[in-house]
Amino acid sequence: MYVTGRLPLLLALGAVPVVLLSAAGVDAWLAAAAWVLLCLIAALGDAAAAPDPRRITVQRRLPRRVLLGQAVRAELVLRNGANDRTVRGRVRDAWQPTAGAPPERPGIDIPPGESRTIAIPLLPRRRGELRSRFVVVRSDGPLRLAGRQARIDEPGALRVLPPFTARRHLPSRLARLRELDGNTSVQVRGQGTEFDSLREYVRGDDVRSIDWRATARSSTTMLRTWRPERDRHVVIVIDTGRTAAARVGDGVRMDAAMEAALLLAALATRAGDHVHLLMFDRTIRARVTRVDGPGLLPALVDAMAPVEPQLIDTDWDAAFAQVRVLTSRPSLVVLLTAQDAAEAARGFLGSLPALARGAHVLVGAVTDEQEPLPERPDAAEVYRAAAIERAAQDAAVVAAAIGRAGGEAIAATPEDLPPRIADRYLALKAAGRL
């Protein structure tokens with residue numbers, strides 16, 4: 001049972017007869033008690049006369065997946081099939097707060113045997129699995145003083161995917177990839193590249209690329225063109241340990257790592273390479289392998305969506321063992337983790353040389369953006385600037401240690417890290433090292 005706003009108004013209206021009765025000589029306390037009792041009896045009777053909300057059937061309509069920050073519409077189909085009276089009241093869909101459901105409770109007016117569709121706009125503010133386990137239906141009594149309330153279990157789930165805001169960098173990188181791949185007039189030649197096709201020689205071409213056998217069979221000089229090798233294996237490892245939970249900008253480090261992984265995966269699959277994803281701390285949080293072509297990105301974002309950073313240290317020996325399980329011959333391993341103080345990265349640096357002997361290793365880290373100090377900074381701004389500078393110095397020490405271990409370190413802000421890793425991948429392709 002519940003009461004509506006009409007009951008307090010009815011109680012307030014009782015002040016008028018109470019005053020009149022007290023002026024006529026009736027005890028004011030007795031009159032007030034009688035009025036309150038009369039209102040309570042009316043509310044109880046009104047609630048008892050309300051249609052039973054438990055006889056309402058609920059059906060959900062909502063998409064299974066949506067991007068973070070994208071507005072989506074969930075629908076509730078309410079059917080009044082068992083009641084012989086019209087159900088008037090309100091309905092509440094019990095989404096968790098990060099789903100972005102409005103606080104208002106939509107009103108319902110469902111005649112017997114009919115259905116009504118209630119639209120619930122959602123604006124997810126958190127990546128992962130968002131759930132609504134039940135729907136609450138309120139049925140008002142004839143007087144609208146009180147009513148009956150029922151919880152109807154009708155679970156719903158919405159998977160919120162990473163937004164992939166780094167997608168805006170993809171067209172320019174794909175254009176550069178087409179140049180390397182020989183799809184435009186620009187052709188490349190380098191150690192480790194594959195033969196692509198023959199074309200006529202033009203002034204300025206490298207004479208070392210002339211194919212003399214084809215020239216002998218033709219009436220003009222023929223030149224060999226080359227393209228980067230295909231079918232390489234790119235393994236992306238995202239650290240989900242405690243360092244991934246650090247706040248950087250408007251998100252955490254792991255969110256920026258996901259953006260970098262998605263951009264690199266989209267680029268590598270267009271280049272004809274095989275992409276593997278591993279999200280790991282002390283156990284596998286997500287793994288995508290043996291997926292190529294158009295299905296790769298949907299598989300990646302679907303695997304990434306429910307993963308959250310864990311407040312534990314990452315076991316890098318176990319992580320690198322999983323890399324070797326994914327593929328026995330990785331050409332490029334991209335480790336997206338933090339470059340903190342050397343003491344904290346001791347386990348990572350100790351395990352890195354064994355991995356770097358069999359593959360080219362890139363270590364990408366997210367750094368905080370240094371904002372210029374105002375002319376008269378306060379103590380908090382000075383402390384923040386000093387902390388960022390100290391973290392940058394520690395990261396430089398770790399980056400140097402990564403270089404000595406056989407890897408290559410890339411550190412950038414959340415906005416700059418995805419394109420920098422993509423550019424480095426293209427540079428390795430152009431140099432024939434992948």
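Can you tell me which of PRO377, PRO353 is open to solvent by 30 Å² or more (accessible area, probe 1.4 Å), more than 30 Å from the chain's Cα centre (by Cα) and modelled with pLDDT under 90?
PRO377
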Only one of ARG290, ARG285 that is more than 25 Å from ASP416 (Cα to Cα), open to solvent by 50 Å² or more (accessible area, probe 1.4 Å) and in contact with a strand residue (DSSP E or B) (Cβ under 7 Å, 6 or more places away or on another chain): ARG285
Consider only pairs whose beta carbons are under 6 Å apart and that are at least six residues apart or on different chains; among these, list those whose first residue lies in the range 331-343 and is touching a residue at least 60 places away in the same chain (Cβ under 8 Å) and open to solvent by 20 Å² or more (accessible area, probe 1.4 Å) and whose second residue is hydrophobic (A, V, I, L, M, F, W, C) and assigned to a loop (DSSP other than H, G, I, E, B). SER331/LEU434
Within the range 314-333, the residues that are of a type outside the set (D, E, K, R) and farther than 14 Å from ASP273 by Cα are THR314, TRP316, ALA318, ALA319, PHE320, ALA321, GLN322, VAL323, VAL325, LEU326, SER328
Residue list for the range 145-173, restricted to those being part of a helix (DSSP H, G or I) and crowded, with 17+ Cβ neighbours inside 10 Å: THR165, ALA166, HIS169, LEU170, ARG173
Every residue in the range 33-68 that is small (Gly, Ala, Ser) and surrounded by fewer than 18 Cβ atoms within 10 Å (Cβ to Cβ), please. ALA33, ALA34, ALA42, GLY45, ALA48, ALA49
Six or more apart or on different chains, Cβ under 9 Å: which pairs go from a residue in the range 362-384 that's in contact (Cβ under 8 Å) with a residue 40 or more places away in the chain to one that's among the acidic types (Asp, Glu) and part of a helix (DSSP H, G or I)? Could you list them? VAL366/ASP255
Say whether the condition of being in a loop (DSSP other than H, G, I, E, B), basic (Lys, Arg) and in contact with a Leu (Cβ under 9 Å, 6 or more places away or on another chain) is met by at least one residue in the range 65-73. no
Among the residues of the range 304-332, write down those that are within 23 Å of the chain's Cα centre (by Cα) and not small (Gly, Ala, Ser). MET304, PRO306, VAL307, GLU308, PRO309, GLN310, LEU311, ILE312, ASP313, THR314
In the range 391-417, the residues that are touching a strand residue (DSSP E or B) at 6+ places or on another chain (Cβ under 8 Å) and of a type in the set (S, T, N, Q): THR413
For the range 400-434, name all the residues that are at pLDDT below 90, of a type in the set (A, V, I, L, M, F, W, C) and closer than 13 Å to ARG173 by Cα. ALA430
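Looking only at the range 1-22, filter to residues that are in contact with a Phe, Trp or Tyr (Cβ under 8 Å, 6 or more places away or on another chain) and more than 30 Å from GLN149 (Cα to Cα); which one of those is most open to solvent (accessible area, probe 1.4 Å)?
Going through the range 1-22, the residues in contact with a Phe, Trp or Tyr (Cβ under 8 Å, 6 or more places away or on another chain) turn out to be 11, 14, 17-18.
After this cut, where a residue has to be more than 30 Å from GLN149 (Cα to Cα) as well, the list is 17-18.
Details: PRO17: 49, VAL18: 26 Å².
Looking at residues that are in contact with a Phe, Trp or Tyr (Cβ under 8 Å, 6 or more places away or on another chain) and more than 30 Å from GLN149 (Cα to Cα), I get PRO17.
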Can you confirm whether ARG270 is in contact (Cβ under 8 Å) with a residue 60 or more places away in the chain and either of a type in the set (S, T, N, Q) or surrounded by fewer than 22 Cβ atoms within 10 Å (Cβ to Cβ) (or both)? yes
Verdict on ALA319 being farther than 24 Å from GLN393 by Cα, surrounded by fewer than 15 Cβ atoms within 10 Å (Cβ to Cβ) and of a type in the set (A, V, I, L, M, F, W, C): no
LEU311 vs. criteria touching a residue at least 12 places away in the same chain (Cβ under 8 Å) and touching a strand residue (DSSP E or B) at 6+ places or on another chain (Cβ under 8 Å): no
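Let's see how each residue does on (1) at pLDDT 75 or above; (2) in contact with a strand residue (DSSP E or B) (Cβ under 8 Å, 6 or more places away or on another chain):
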residue: PRO155; (1), (2): yes, yes
residue: PRO162; (1), (2): yes, yes
residue: ARG168; (1), (2): yes, no
residue: ARG173; (1), (2): yes, no
residue: GLN187; (1), (2): no, yes
residue: GLN191; (1), (2): no, no
residue: ASP196; (1), (2): no, yes
Would it be correct to say that ASP211 is over 47 Å from the mean Cα position of the chain (by Cα) and not hydroxyl-bearing (Ser, Thr, Tyr)? yes
Condition broken by GLU389, with the remaining ones in (1) open to solvent by 40 Å² or more (accessible area, probe 1.4 Å); (2) over 30 Å from the mean Cα position of the chain (by Cα) satisfied: (2)
Got at least one residue in the range 270-279 being under 21 Å from ARG127 (Cα atoms), in a loop (DSSP other than H, G, I, E, B) and within 19 Å of the chain's Cα centre (by Cα)? no
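For the range 220-250, enumerate the residues that are surrounded by fewer than 16 Cβ atoms within 10 Å (Cβ to Cβ), of a type in the set (Gly, Ala, Ser) and modelled with pLDDT of 85 or more.
Listed by number, the residues that qualify are ALA245, ALA246.
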Hits in the range 79-98 - residues which are of a type in the set (A, V, I, L, M), crowded, with 20+ Cβ neighbours inside 10 Å and within 30 Å of PRO306 (Cα to Cα): VAL91
Say we look at the range 99-134 and pick out the residues that are of a type in the set (Ser, Thr, Tyr) and open to solvent by 40 Å² or more (accessible area, probe 1.4 Å); which of these is nearest to the chain's Cα centre (by Cα)? THR117
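The values are calculated or read from the model by the stated rules, or taken from the named source; none is laboratory data. Because the structure is predicted, anything quoted here is derived from the model rather than measured. Because the Cβ atoms are built from the backbone with ideal geometry, glycine has one as well, and the counts that use them run over all protein chains shown. These area figures cover heavy atoms from the full protein model, side chains too; ligands, DNA and RNA do not enter into them. Shrake-Rupley method; radii C 1.70, N 1.55, O 1.52, S 1.80 Å.
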